[in-house]
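One structure is given here, and the rest of the page talks about it.
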């Protein structure tokens, strides 16, 4: 048997755009002319002739991945996700239960965490300003505790120290602020 015709790429003619599109579907849109020719068993010249700009080419539909709708985090989904997370389930298991991907679950919890951090920062700043104003006005520890909504007065001294406010000292029946001196240091 001779070697002529042993390779399918030696055959000439008869290449259709449908064959090329089918191969592109298998190989992907970046398939080279040589790869396409080898897959359909034709020579590269014939494939190039069909794909040349002069030849009328039908539009090749692009392979698209259907876009998944972004899950709407309604109250039911949020409650379920929080319960499942508290139970120790991972994001893939939570996503399966609420009907979305694990990356959507991770993104949801990340956005929620950012929101919490922003709220905590705002609450801290408001509380800090309120505490400082009450302290500097001379409010008692009980009054500050009531105004701040705390259950015990133990936080008053902790906050005073944390904020670097001066301590109070009773001097001859009146309230005075202790002023640090060089000798005390």
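Answer yes if at least one residue in segment 100-120 is loosely packed, with under 13 Cβ neighbours inside 10 Å, over 23 Å from the mean Cα position of the chain (by Cα) and in a helix (DSSP H, G or I), and no otherwise. So far as segment 100-120 goes, no, none of its residues is loosely packed, with under 13 Cβ neighbours inside 10 Å, over 23 Å from the mean Cα position of the chain (by Cα) and in a helix (DSSP H, G or I). Among the residues of segment 82-96, the ones that are part of a helix (DSSP H, G or I) and either at pLDDT below 85 or over 19 Å from residue 72 (Cα atoms) (or both) come to 1 in all.
The values are calculated or read from the model by the stated rules, or taken from the named source; none is laboratory data. Only a predicted model underlies this, so the values are computations on that prediction, with no experimental measurement involved. Glycine gets a Cβ as well: all are built from the backbone with ideal geometry, and neighbour counts include every protein chain shown.
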